1. May I ask you to say which residue of Ala87, Ala47, Ala97, Ala74 is out of contact with any strand residue (DSSP E or B) (no Cβ under 9 Å at 6 or more places or on another chain), within 18 Å of His139 (Cβ to Cβ) and either at pLDDT 95 or above or not charged (D, E, K, R) (or both)?
2. Is there any pair linking a residue in segment 109-129 that is touching a residue at least 60 places away in the same chain (Cβ under 8 Å) and crowded, with 20+ Cβ neighbours inside 10 Å to one that is in a helix (DSSP H, G or I) and among the hydroxyl-bearing types (Ser, Thr, Tyr), with Cβ under 7 Å and at least six apart or on different chains, and which?
3. Within the bounds of segment 181-192, is there any residue that is within 21 Å of the chain's Cα centre (by Cα), surrounded by fewer than 13 Cβ atoms within 10 Å (Cβ to Cβ) and under 16 Å from Asn104 (Cβ atoms)?
4. How many residues does segment 49-102 hold that are over 20 Å from Arg115 (Cβ atoms), in a loop (DSSP other than H, G, I, E, B) and hydrophobic (A, V, I, L, M, F, W, C)?
5. For segment 46-68, enumerate the residues that are of a type in the set (A, V, I, L, M, F, W, C) and within 12 Å of the chain's Cα centre (by Cα).
6. Does any residue of segment 110-118 turn out to be in contact with a helix residue (DSSP H, G or I) (Cβ under 9 Å, 6 or more places away or on another chain), under 20 Å from His207 (Cα atoms) and at pLDDT 95 or above?
Amino acid sequence: MIRLPINRTVVSALFASVAAAAIILAPVVSADNAEEIPGPAVVDDGADYVGYNQCQVCHSHQNQVWREMGHARALDRLQTAESIAIAEEMGLENPPAESPECLNCHVTAYDVETRTTPTPIDLADGVQCESCHGPSSEHIVIGRQVMFGQAEEDEVDIMAGRGWPGESNCRECHNPDSPTWRDDRYTLEDGTTTGFDFEQALELIDHSEPEDE
C-alpha cells in the first residue's frame, strides 16, 4: 500500500475548500487541426482537474522539485527571444505564449479549440502534475477519506483513477514535431544519440519521495 507524505497542519483547510469548490472540468477538445498539434495524453476517467495547489498539500516534496524544473517554467520559455523567433519562422499568427500550437504542450490541459484551461489551471504554471498524472479530483477525495478517518488506508486504493506516466505520454510533446527537437539530445549506453530517451528523461525530473535517513 502506497502511503502519502502528508502535511497535516494545512490539509483540513485545503480539503474543506475542495469540498466547497465547484471545480468544472473543461475537457481537451480537438480543434480542426488537432491531429497536427501534439499534446499531453490525459486520463479521461471522469475526474476533474484540481491544479498543483491541491496536490502540494500532501506532496510538498514533489511540489518543491517541480518548481525547480523546466516544466514549471514552460510558459516562460515561450516568451524568450528564441521561442519568438521560432514562432515567426513557423508563420504563427500570434506570439508563442498566445499560440495554441505551442500552449498545447506548454500548459496543462490547454484546450486548443476554446483556447482556455479548466478553472483551477493557470497558464502561468506551465506543465504541472496533472499533465502526466491526469485529473486528480477523485484521488483527493480518497485521500480526504483516509485523512478524516472515514476509511482506513489499507481499505482503499489511493491510486484509483491515477496513473504513472509512460514513455508514450512524454512523447506526445517530446517528439520530432517539436521545433526545438534535437536528434542528439541524449547519449545512449552504446554511444549513439537520440532525441528522447525515457529513462534518462525520467531521471532528470525524478521527484520520488526521499528515503528516510
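The values are calculated or read from the model by the stated rules, or taken from the named source; none is laboratory data. The shown structure was predicted, so the numbers you read here are calculated from the model rather than taken from an experiment. We place every Cβ from the backbone using ideal geometry, glycine too, and count neighbours over all the protein chains shown.
1. Numbers: Ala87 fails: within 18 Å of His139 (Cβ to Cβ); Ala97 fails: within 18 Å of His139 (Cβ to Cβ); Ala74 fails: within 18 Å of His139 (Cβ to Cβ).
Checking each option against the conditions leaves just Ala47.
2. Qualifying pairs under 7 Å: Asp125/Tyr52; Gln128/Tyr52; Cys129/Tyr52.
3. In the first step, residues of segment 181-192 are kept if they are within 21 Å of the chain's Cα centre (by Cα); the result is 181.
From the residues that got through so far, the ones that are surrounded by fewer than 13 Cβ atoms within 10 Å (Cβ to Cβ) too are 181.
With the extra rule that they be under 16 Å from Asn104 (Cβ atoms), the set shrinks to 181.
Checked against the condition, which is being within 21 Å of the chain's Cα centre (by Cα), surrounded by fewer than 13 Cβ atoms within 10 Å (Cβ to Cβ) and under 16 Å from Asn104 (Cβ atoms), segment 181-192 yields at least one hit.
4. Of the residues in that region, 4 qualify.
5. Just the residues of segment 46-68 that are of a type in the set (A, V, I, L, M, F, W, C), to begin with: 47, 50, 55, 57-58, 65-66.
Val50, Cys55, Trp66, listed by residue number.
6. No.
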